[in-house]
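Right, one structure below, let's go through it.
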Amino acid sequence: MAVHRARRWSLGGLALLLATGAAGGVLFTATGPAANRAHAASAVQTWSDEFDGAAGSAPDSAKWTLETGGSGNGNHELQYYTKSADNVALDGDGHLVITARKNGDSGLQCWNGTCQYTSARLNTARTFTQAYGRFEARIKVPRGQGVWPAFWMLGDDLGSAGWPNSGEIDVMENIGKEPGTVHGTIHGPGYSGAGGIGAAYTLPNGKAFADDFHVFAVDWSPTAITWSVDGQTYETRKPSDVNGNKWVYDHPFFVILNLAVGGDWPGGPDSGTSLPQSMTVDYVRVTAADTGKPAAGTGAVKGVGGMCVDVAGASGADGTPIQLHNCNGADAQKWTVGADGTVRALGKCLDVRAASTENGAPVQLYGCNGTKAQAWNLTSAGDLTNTGSGKCLDAKDNSSADGTRLQIWTCAGTANQKWTLG
């Protein structure tokens with residue numbers, strides 16, 4: 001692979017992570033075997049962002065933290081990362097757009113003086129980490145000398161272990177001077193920076209990655225990490241590949257998306273580079289293999305206090321609230337968790353009212369319509385996650401009382417968010 005430095009954590013980001021770690025108990029963590037394509041039927045989605053929202057709106061703060069600063073990130077990068085909608089926003093068509101621009105603000109200072117460019121970088125360190133599984137994103141990269149888009153991960157012990165001991169998995173990196181090539185790399189103790197271990201994938205027939213969307217993924221298990229582009233595997237790394245050094249891919253990692261400008265590896269923009277340039281992300285999805293609890297079936301769904309998920313008043317009307325109730329075997333408590341992602345009772349679907357993604361949004365019974373508000377995953381950890389919002393079915397106010405209404409809330413692993421089927 002090309003010799004390049006790792007995309008290191010900025011000082012501001014490190015401070016954030018240290019503060020997050022000190023808070024304790026705020027990161028949702030799922031572990032289990034890799035969810036590779038050969039076992040896709042047994043995989044369950046644990047986290048996603050489909051980037052649905054109004055044009056110009058910020059990415060969901062319940063999922064992402066926006067970093068700021070112009071430290072160069074250990075690579076002599078030339079951009080200042082901002083929270084501005086000019087650099088990071090939803091486009092209204094289901095995409096996240098990260099845009100690198102020439103900087104016109106003389107007040108933005110970078111490691112080398114007044115910043116020449118602005119861009120954006122966002123991470124899930126405060127909201128989601130996971131060990132093992134499939135991490136994938138559908139991305140259209142920018143083009144031009146000096147641009148450096150990436151989809152990657154860092155270990156959640158970064159604040160205590162430091163880089164590279166915490167580990168780094170680069171799912172996809174592209175540099176503008178190689179329009180048809182992406183790189184997948186691991187960095188750890190004894191194999192970091194220019195010594196990172198990885199490989200490259202090149203599109204056939206001289207095609208450029210900037211011409212269309214492509215799916216970039218890793219399938220990660222305790223014994224291997226495998227990279228693919230559009231379903232084509234091009235690299236696998238195992239503990240035996242790190243030349244006797246420590247294999248540090250045995251704990252949760254968090255996700256990062258960013259678009260850098262310049263740096264030691266890509267070099268700076270030149271006269272042929274046209275700015276602004278954008279990295280467009282269609283989705284990010286994470287799955288983990290189900291290790292025990294079936295993800296599909298029919299029966300009572302039981303939660304905190306052994307109470308059952310119940311359709312209030314046994315009514316089949318659209319908009320009927322969903323609640324906890326003493327288990328009684330009635331049809332209003334017989335749910336079918338389907339392989340299609342729906343959860344059904346009385347011939348209708350479990351639905352997030354108004355397709356909301358906000359904490360506290362109530363769930364209801366509603367005619368099945370195939371929307372993301374009715375897409376759910378029951379994980380082996382007992383979380384019933386709404387994939388449209390990335391949030392968990394939750395008993396309001398941590399209550400197990402008869403009649404407690406159900407809602408969605410950020411997944412926290414608490415008892416009022418744990419459910420069993422059958």
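The values are calculated or read from the model by the stated rules, or taken from the named source; none is laboratory data. Note that this is a predicted model, so its numbers are computed, not measured. We place every Cβ from the backbone using ideal geometry, glycine too, and count neighbours over all the protein chains shown.
Remarks
- One residue stands out among those in region 90-120 that are over 18 Å from Arg138 (Cβ atoms) and aliphatic (A, V, I, L, M): the one that is nearest to the chain's Cα centre (by Cα), which is Ala120.
- Taking (1) of a type in the set (Gly, Ala, Ser); (2) touching a residue at least 12 places away in the same chain (Cβ under 8 Å); (3) over 30 Å from Gly272 (Cβ atoms) in turn, Gly144 satisfies each apart from (3).
- Matching option when the condition is more than 23 Å from the chain's Cα centre (by Cα) and either crowded, with 19+ Cβ neighbours inside 10 Å or outside the structural domain of Ile139 (by TED's automatic domain parsing) (or both), among Ser228, Ser240, Ser192, Ser166: Ser192
- Just one of the listed residues (Tyr117, Tyr80, Tyr132) is among the aromatic types (Phe, Trp, Tyr), more than 30 Å from Thr223 (Cα to Cα) and in contact with a Ser or Thr (Cβ under 7 Å, 6 or more places away or on another chain), namely Tyr80.
- Residue list for region 68-88, restricted to those being free of Cβ contacts under 8 Å to residues at least 60 places away in the same chain and at negative phi: Thr68, Gly70, Tyr80, Thr82, Lys83, Ser84, Ala85, Asp86, Asn87, Val88
- Meets criteria (touching a Phe, Trp or Tyr at 6+ places or on another chain (Cβ under 8 Å) and assigned to a loop (DSSP other than H, G, I, E, B)) for Trp148: no
- Any hit, region 102-112, residues being outside any strand (DSSP E or B), assigned by TED's automatic domain parsing to the domain that holds Pro269 and touching a helix residue (DSSP H, G or I) at 6+ places or on another chain (Cβ under 7 Å): no
- Of the strands (runs of 3 or more DSSP E) lying entirely inside region 319-378, the ones with 1 or more residues being under 23 Å from Asp52 (Cα atoms) and in the same structural domain as Leu406 (by TED's automatic domain parsing) are found at 343-345, 348-352, 363-366, 376-378.
- Residue identified as more than 30 Å from Gly341 (Cβ to Cβ), assigned by TED's automatic domain parsing to the domain that holds Val171 and touching an Asp or Glu at 6+ places or on another chain (Cβ under 6 Å) among Gly206, Gly268, Gly272, Gly262: Gly262
- Residue that is farthest from Gln232 (Cα to Cα), among those in region 36-94 that are surrounded by 22 or more Cβ atoms within 10 Å (Cβ to Cβ), of a type in the set (Val, Ile, Thr) and modelled with pLDDT of 90 or more: Thr82
- Some residue of region 104-122 being under 28 Å from Lys391 (Cβ atoms), of a type in the set (Lys, Arg) and crowded, with 23+ Cβ neighbours inside 10 Å: yes
- Here is the figure for region 212-247: residues that are without any contact (Cβ under 8 Å) to a residue 24 or more places away in the chain and closer than 28 Å to Ser278 by Cβ total 2.
- Looking only at region 222-251, residues that are of a type outside the set (Ser, Thr, Tyr) and not in a strand (DSSP E or B) come to 15 in all.
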